[in-house]
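To start, the structure itself, in structure tokens.
The values are calculated or read from the model by the stated rules, or taken from the named source; none is laboratory data. Since we're looking at a predicted model, the values are computed, not measured. Virtual Cβ from ideal backbone geometry, glycine too; neighbours counted across all protein chains shown.
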Amino acid sequence: MSAELSVLLVDDDEFVRNTVAEQLRTLGAARVEAADDGASALRAAAAPEQFDLIVTDLMMPGVDGVEFLRELALRQSGAALVLISALDESILRAVALLSRERGLKILGALRKPVRAEALARLIQPLLQAPPAETAAAPAEPGAAPDEVQFLRALEQGELRLHGLARQRLADSALHSIELRLSWPRADAGALPHGRILALARRHRQTPRLLDQLLALGTRAAADCWQQGQRVPVTLGLPGAALLRLDLPDAIDRQLRAAGAMPELFRIGVPEAEMPGDSTALDVLSRLRLRGIGVSVDDFSGRISFARLQRLPVTTARVDARLMQLGGRARGLLEHAIASATSMGLGWIADGVESAEQIEWLAGQGCEAIQGPFTGPPEPLDELLERLRRSAAAPEGGNAN
């Protein structure tokens, strides 16, 4: 179980708060913070300490649950959410659907009284060991970086791109390379990609970070191809990128300036942040017209199928946490695979740890794998040098 799961519990009923808080602690939550209304919950959610999970009631005085969720969507919250209420199930379903369409990661909805076993089923993926990216990063002692530190990192170019090699399942050759941000810090462990994007959201610096990320990513893609690795390169972006109408032109212009090939460039956007409005459809369509592929990252199949099906995406990278589920919970992974397959998407399994998992994935039609089995993200120059040596090995060594 994760030793880091942090939960915000929002309910105006003290008995419910105490009961559900105890259930969460029993299930393995390391920190549970409670709020008795939507307004105080919004203040708590804005604090530097991030929450992995928010469990919220809908019927509350002042700021109600729907208003609370709307504000979380505007803030582009990356927390997973569980809705609880004594209201009719049709209302719960409607609010869950609305929240998913606004880009929130809704794990599910439960009617009160909340049963511990039902809550456990919904939050099971969050209670597993963290994804490979988090596990590979050094520990982070001390407080999270504040706004001044983050702005200095942007201004002084402290952010770096690491590369993650993906292995083709059919023949174990190099399939593609995923680019992820890393922030090496002398006084603490390096911050991984997802944490850096979350910091940008918190400090309202997403547009500035996006500009820097695109510049770094297009140059890195050109480096990969110029050093002989003619495979697709995927750059992970925040969902807010798809609300920039100039994104297709900006990527195309920077790729051509770097001498790179648009047809081998991909962007990846987390499923929970994938917008479904007309602006996103416009941006995605124009990216595809330029030959740029689009991956749905951390895919679990939980957002509206109808919404995702209308978007011209090409690939799904299955959420790494799903690979670590066993027994009956394996159904979550099978659901994600079935969802990707039904939409005609090629899919990549993240978080792969063993040969046994690879054997199972081969029977499911998996295209490529990444995770502990293939190696952690590493500085791009080191990755390219390793791949070059591997390709030059006398026996035609493995690309990974």
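Determine if the range 197-210 includes at least one residue that is over 27 Å from L74 (Cα atoms) and small (G, A, S). No, the range 197-210 has no match at all.
Being within 14 Å of A79 (Cα to Cα), of a type in the set (S, T, N, Q) and either free of Cβ contacts under 8 Å to residues at least 60 places away in the same chain or assigned by TED's automatic domain parsing to the domain that holds D146 (or both) is the filter here; which residues of the range 1-60 pass it? Of everything in the range 1-60, those that are within 14 Å of A79 (Cα to Cα), of a type in the set (S, T, N, Q) and either free of Cβ contacts under 8 Å to residues at least 60 places away in the same chain or assigned by TED's automatic domain parsing to the domain that holds D146 (or both) turn out to be S6, T56.
Filtered by the rule that a residue be among the acidic types (D, E) and modelled with pLDDT of 90 or more, the range 110-120 gives no residues.
Residues that are part of a loop (DSSP other than H, G, I, E, B) and modelled with pLDDT of 90 or more are absent from the range 17-26.
T234 passes every criterion in (1) out of contact with any Lys or Arg (no Cβ under 8 Å at 6 or more places or on another chain); (2) within 30 Å of A391 (Cα to Cα) apart from (1). Could you please let me know if S295 is of a type in the set (S, T, Y) and either crowded, with 20+ Cβ neighbours inside 10 Å or not in a helix (DSSP H, G or I) (or both)? Considered against the rule, which asks whether it is of a type in the set (S, T, Y) and either crowded, with 20+ Cβ neighbours inside 10 Å or not in a helix (DSSP H, G or I) (or both), S295 comes out as yes. Here is a check on your reading of the model: is L107 in a strand (DSSP E or B), at pLDDT 85 or above and not assigned by TED's automatic domain parsing to the domain that holds A241? Answer is yes for this residue. Scanning the range 340-356 for residues that are in a helix (DSSP H, G or I) and buried (at least 22 other Cβ atoms within 10 Å of the Cβ) turns up just one, A340.
Of all residues in the range 46-75, those that are in a helix (DSSP H, G or I) and surrounded by 21 or more Cβ atoms within 10 Å (Cβ to Cβ) total 4.
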